[in-house]
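So the structure is just underneath, and the comments pick up after that.
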Amino acid sequence: MEWLNYHHLRYFWTTAKEGSLARAAAKLRVSQPSISGQIRELEAAFGEKLFRRAGRNNVLTDAGHVVFGYADEIFALGAEMMNAVRQRPGSRTLRLYVGVADSFPKLVTNEILKPVFTLPQEVHAICREGKMEDLLAQLAAHRLDIVLADEPPASNTNFRVFNHPLGETGTTFLAEEKLAAKLKRRFPASLQDAPALLPTENTALRRSLETWFRAKDVRPRVVAEFEDLALMKIMAAEGRGFIAVPSLVAKDAMAHYHFRMIGRADDCRLEFHAITAERRIVHPAVARITDKARAMLEG
């Protein structure tokens, strides 16, 4: 197996970034001949010239551009690794990698993440949305610090992860002003054959709603189903049907989309979970998320 000399690569990368051997030598605090020699060794390893002369300047060759692109990613990832390993109170920036299940309500995500930005140290949050199985794979590989989901991981999951229940909330039914005024009368019986915009059948919210509809003996007329809950709210704002949201964020949804409330269903419960790769939570931002979210949902 051929091994890449990262020391040589850093000399090349610094020279390409600085634009000259002289500036690279000053930055690295070494002599120009030393840098030049290391770059020649790197070129010999690749079997390609990385710089060419253009007047009095050295410019990247085609191969040099390719190597520089990879070097940029390599050293950026190395910096991320150092930050991740050294994360302690007092660090300059605390990175938090959050996975959000695509069925998890985005307004709830916002509420849960808010306390992270009140930590004493600066926080840089990276949020990734996706399917539960994909997010758990990233979590198990330690590419995520936490996954937010509306249901616990399946018992037969292939990944060793730990679930931390955050709490639960009831459901609030909302609609555009005219439709809400009509459906508010005789709620929940008014939902019979009413136009409904619902999440897709593979979501925890949809399952809770179907159970509640059966218990109340009502059957809405499903106009559309959505994986993208933000799109669902946009269509509801145009009066195409009613929607159901976690009561925790009903006020925010009403403010954002000018909805009116049809009614509340405290017996239609929605759960929220934080999933981590370790049983004991040590990441300070994850600890803040779980503590504050539990207090908020209990309140």
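Read-outs: derived from the displayed coordinates by stated rules, not from any lab. Because the structure is a prediction, the values reported are computed rather than measured. Note: ideal-geometry Cβ built from the backbone for every residue, glycine included; neighbour counts use all protein chains shown.
Just a few scattered comments:
- Model label points for Val218 and Asp62, set 7 angstrom from Cα along the Cα-to-Cβ axis, are 6.7 nm apart.
- In this label model, Ala76 and Ile234 are separated by 2.8 nm, measuring between points 7 Å along each Cα→Cβ vector.
- For Leu144, the amide hydrogen comes within under 5 Å of the amide hydrogens of Leu139, counting only partners 5 or more places away or on other chains and with H modelled in the peptide plane.
- In degrees, nearest ten, helix 32-46 long axis to first principal axis of the chain (Cα): 70 degrees
- The phi torsions of region 266-273, fed into the Karplus equation with coefficients 6.51, -1.76 and 1.60 and a -60° offset, translate into couplings of 5, 8, 9, 8, 10, 9, 10, 9 Hz, rounded to whole numbers, with Gly and Pro shown as x.
- Dipole magnitude for the chain: about 800 debye, using +1 per Lys or Arg Cβ and -1 per Asp or Glu Cβ, origin at the Cα centre.
- For Lys27, the lysines whose Cα comes closer than 25 Å to its Cα, not counting residues fewer than 8 places off in the same chain, are Lys17, Lys49.
- Using a Förster distance of 35 Å, the FRET efficiency for Ala255-Arg143 (Cβ separation, nearest 0.05): 0.50
- Asn156 versus Glu201: modelled label distance in nm, points set 7 Å from Cα along the beta carbon direction: 1.9 nm
- Distribution of pairwise C-alpha distances over the chain, 10 Å bins, in %: 6, 22, 21, 17, 14, 11, 7, 3, 0
- In this structure the amide hydrogen of Ile126, modeled in the peptide plane, comes within under 5 Å of the amide hydrogens of Leu96, Tyr97, Val98, none closer than 5 places in sequence on its chain.
- As a rough footprinting exposure proxy, the listed residues Met132, Met82, Met235 were ranked by other beta carbons within 10 Å of their own, and the order from fewest upward is Met82, Met235, Met132.
- Net charge dipole size for region 6-85 [Lys, Arg +1 and Asp, Glu -1 on Cβ; Debye, nearest 20]: 460 debye
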